[in-house]
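Enquirer: Have a look at the structure that comes next, please.
The values are calculated or read from the model by the stated rules, or taken from the named source; none is laboratory data. Values in this document were obtained by computation on a predicted structure and should not be read as measured data. Cβ atoms come from the backbone with ideal geometry, glycine included; neighbour counts cover every protein chain shown. Side chains included, ligands, DNA and RNA excluded: accessible areas come from the protein's heavy atoms. Shrake-Rupley method; radii C 1.70, N 1.55, O 1.52, S 1.80 Å.
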Amino acid sequence: MSKNVSKLQLLLLCLLLCSIPTKTTDEFNNSSTNNQTEEACLQESCETIPKEDNVTDVGLANNFLHEQTIEILNERVIPWHISNSICPIDRECHSLPADCIICKFNFTCIYGNLVNVSCQAIPKCDGPKVFEKTMRCQYCYQTSPEDHSCNATGSYCNTPANPVQNYRSNCTAKPHVLCLGQRTFFKNIRCNWTSGYKWTTTLLLSITLGGFGADRFYLGHWQEGIGKLFSFGGAGVWTLIDVILVAVGYLKPADGSVFL
């Protein structure tokens, strides 16, 4: 009975040993090669793995796609149909107005210095679409009066007022001017509008027909004009005073405007 049990144990042991997988010679060699490679890499002597022909470098692909463009952040995007309607055609790209190009501004530049900026044309144009332009480092609201235009007339302010009044105008940088920030801005302008009154005409009326209040009627001071008319110029005294006031520029139009 014991001999049969021993034979059975030996048979089971043989089956167990036969079922254990063993490495082939090739697998052993590959494993050894991998171990050697890992050891070499740990010693910082492994070689760089060469790239295959079908491997795509994402960085190179992106550079190729954006080779002729510049990266513009937080800038306006004008649809093509709108840009074609407001932008001139058949012109050199670098000569397009500021509304037809987008530029990569350097907001860390020193105020007042001339700097070069990279710009890209929006519509179709002649020549390279990416180019450089020179601009002065300043915001649009800091440009000189000849570099922007304002559309408000300030006809609601009083020019002779003391202290001098200002009016708020909506201004826009001119097309050829490159500047930082918003191109349209508000600006306080000194009240200096005119409605067509001439100083020479007023002085001439004051000298010749001042006794009848013609100068006062001309400037819109009709109440004083009636007083001068019925008093014959205040017996000449009022007429003389008005001539002096007009000559020195103190007497001005009633609507608050200035002389031409």
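Enquirer: From the phi of every residue in segment 113-120, what ³J(HN,Hα) in whole Hz does the Karplus formula 6.51 cos²θ - 1.76 cosθ + 1.60 yield, where θ is phi - 60° and glycine or proline is x?
Expert: 7, 7, 10, 9, 10, 8, 10, 9
Enquirer: Express the accessible area of segment 185-224 per residue in Å², computed with a 1.4 Å probe while the remaining protein chains stay in the model.
Expert: Numbers: 2390 Å² over 40 residues.
Here the per-residue accessible area is 60 Å².
Enquirer: Could you tell me the accessible area of V130 in Å² (1.4 Å probe, neighbours in place), rounded to the nearest ten?
Expert: 50
Enquirer: So who's got an amide H within less than 5 Å of the one on R91, skipping anything under 5 residues away but keeping other chains? H placed 1.01 Å off N, in plane.
Expert: Long-range HN contacts for R91: D126.
Enquirer: Multiply the residue separation of I89 and V243 by 0.36 nm, subtract the distance between their alpha-carbon atoms, and state the gained length in nm to one decimal. Don't jump to the answer; show the numbers that get you there.
Expert: Values: separation 154, 0.36 × 154 = 55.44 nm, distance 5.86 nm.
Extra length from I89 to V243 when fully extended: 49.6 nm.
Enquirer: Quote the FRET efficiency, to the nearest 0.05, computed for K104 versus K124 with a Förster distance R0 of 30 Å and r equal to the Cβ-Cβ distance. Please report the intermediate quantities before stating the final value.
Expert: Numbers: r = 21 Å, r/R0 = 0.70.
So the FRET efficiency works out to roughly 0.90.
Enquirer: So how much accessible area does H94 have, in Å² to the nearest 10, using a 1.4 Å probe?
Expert: Using a 1.4 Å probe on the heavy atoms, I get roughly 100 Å².
Enquirer: Turning to a different aspect of this structure: List the chymotrypsin sites (Phe, Trp or Tyr not before Pro) within segment 202-260 that fall in a DSSP loop (any state other than H, G, I, E or B) and whose Cβ has at most 15 other Cβ atoms within 10 Å. Let's see the in-between values first.
Expert: Values: sites: F212, F217, Y218, W222, F230, F232, W238, Y250, F259; in loops: Y250, F259.
Those satisfying the criteria are Y250.
Enquirer: Carbon and sulfur together cover what percent of the accessible area of segment 84-198 at a 1.4 Å probe radius? Mind showing how you got there, number by number?
Expert: Numbers: 3440 of 6930 Å².
Exposed carbon and sulfur together represent 50 percent of the surface.
Enquirer: I'd like the accessible area for R216, computed on protein heavy atoms only with a 1.4 Å probe and all protein chains in place. Round to 10 Å², please.
Expert: 30
Enquirer: Round to the nearest 0.05 the FRET efficiency obtained for Q182 and Y250 when R0 = 45 Å and r is the Cβ-Cβ distance. Let's see the in-between values first.
Expert: Numbers: r = 41 Å, r/R0 = 0.91.
Computed FRET efficiency for Q182 and Y250: 0.65.
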